[in-house]
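**Student:** Take this structure first; my questions come after.
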Amino acid sequence: MGRATTEALVLRRTPFGETSQVAEFLTRDQGRLSLILKGVHRPRSRKGGGVDLLDHCVITWFSRRGSRSLAQLSERRVLSHHPVMRRRTDLMLAGESLVELLRALAPEGQRVTALFRLAVAFLDALDADPPPERLPPVLFALHGGILRITGFELVLDRCVSCDRRPEGNRVMRCDPERGGIVCRTCRTGQDHSFDLSTRAARAISSFRSADPRAAAELTIPPAIAHQMKRYYDRTLLHVLERPMRCHVLPRSA
Ligand SMILES: [Zn+2]
């Protein structure tokens, strides 16, 4: 039996029996992990009740090698409950979109330090109460970072087929199924590509390593923001093989 302690975010919780809870966490050191919280709903539980979605905590559990039953959470300390985020529907929906992405893309059983840091920075950015018009860049920083960290980012500085680099302020075609931008010569008739200007492509590249908390300070021209939104929607559709269920921003055409 091994005792482990790490930082974690709560991704899901379900009641278990009358007094217990099963919670799925994104842990920094072990990726996604489900644990049982025994007796947390007992009236005089000393464990402080169940956990809340998206709580950022430090958790300790006992893992049993070879055991097929869920490991048991033994201690937890909440670092942030993100109270401001919980007061606004649009921010909470953005938080839920993070849960959707992490449950689909975060691995189990391995250290995910970069992904964990990005997720915490995103929640901190939401909890800083950004005005609604500053929400798009915060989401773009999350999407750009997740695509980079999970290895799904597209090639945007040259044609994926012939390596030719776009010149000037051209509008290119971007095709997630082919892995990035495709020049006019290499494009094959009917595909699922969409327009992407070189300016928008540069903005997307600069958001790959953006901190969501700093992104909230950025102003993006509407025409560029529109293209960025479509880029992330279409790329995530390709990666997840289905549309996102959480729509934080209006759907792109
Ligand atoms: Zn080409």
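The values are calculated or read from the model by the stated rules, or taken from the named source; none is laboratory data. Source: prediction; values computed, not measured. Positions of Cβ are generated from backbone atoms using ideal geometry, with glycine treated the same way; all protein chains shown enter the neighbour counts. These accessible areas exclude ligands, DNA and RNA; they are computed on the full protein's heavy atoms, side chains included. Shrake-Rupley method; radii C 1.70, N 1.55, O 1.52, S 1.80 Å.
**Student:** Among the residues of region 45-68, are any closer than 26 Å to residue 237 by Cα and open to solvent by 60 Å² or more (accessible area, probe 1.4 Å)?
**Tutor:** So far as region 45-68 goes, no, none of its residues is closer than 26 Å to residue 237 by Cα and open to solvent by 60 Å² or more (accessible area, probe 1.4 Å).
**Student:** I've got another one for you. Output the residues belonging to region 125-135 that are open to solvent by 30 Å² or more (accessible area, probe 1.4 Å) and either farther than 10 Å from residue 84 by Cβ or touching a Cys at 6+ places or on another chain (Cβ under 6 Å) (or both).
**Tutor:** 131, 132, 133, 134
**Student:** Counting only residues that are within 10 Å of the chain's Cα centre (by Cα) and farther than 18 Å from residue 214 by Cα, which one in region 69-97 is surrounded by the fewest Cβ atoms within 10 Å (Cβ to Cβ)?
**Tutor:** The extreme case among them is 96.
**Student:** Here's a check for you: in region 144-187, which residue that is within 15 Å of the ligand (Cβ to nearest atom) and on the phi > 0 side of the Ramachandran plot is least open to solvent (accessible area, probe 1.4 Å)?
**Tutor:** 180
**Student:** Can you name every one of the helices (runs of 4 or more DSSP H) wholly within region 190-249 that holds 1 or more residues which are open to solvent by less than 60 Å² (accessible area, probe 1.4 Å) and within 11 Å of residue 139 (Cα to Cα)?
**Tutor:** Once the helices (runs of 4 or more DSSP H) in region 190-249 are filtered for at least 1 residues that are open to solvent by less than 60 Å² (accessible area, probe 1.4 Å) and within 11 Å of residue 139 (Cα to Cα), what remains is 212-215, 222-240.
**Student:** Condition check: in a helix (DSSP H, G or I), among the basic types (Lys, Arg) and away from the ligand (no atom under 16 Å from the Cβ). Does residue 86 satisfy that?
**Tutor:** yes
**Student:** Contact list please: Cβ distance under 6 Å, first residue in region 203-225 and in contact (Cβ under 8 Å) with a residue 40 or more places away in the chain, second residue open to solvent by less than 20 Å² (accessible area, probe 1.4 Å) and among the β-branched types (Val, Ile, Thr), pairs at least six apart or on different chains.
**Tutor:** Once the first residue is in contact (Cβ under 8 Å) with a residue 40 or more places away in the chain and sits in region 203-225, its partners that are open to solvent by less than 20 Å² (accessible area, probe 1.4 Å) and among the β-branched types (Val, Ile, Thr) give 212/138; 215/138; 216/138.
**Student:** Is at least one residue of region 104-114 exposed (fewer than 14 other Cβ atoms within 10 Å of the Cβ) and either in a strand (DSSP E or B) or assigned by TED's automatic domain parsing to the domain that holds residue 7 (or both)?
**Tutor:** yes
Table: residues versus (1) more than 16 Å from the ligand (Cβ to nearest atom); (2) touching a helix residue (DSSP H, G or I) at 6+ places or on another chain (Cβ under 7 Å).
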residue	(1), (2)
117	yes, no
127	yes, yes
134	yes, no
139	yes, yes
189	no, no
204	yes, yes
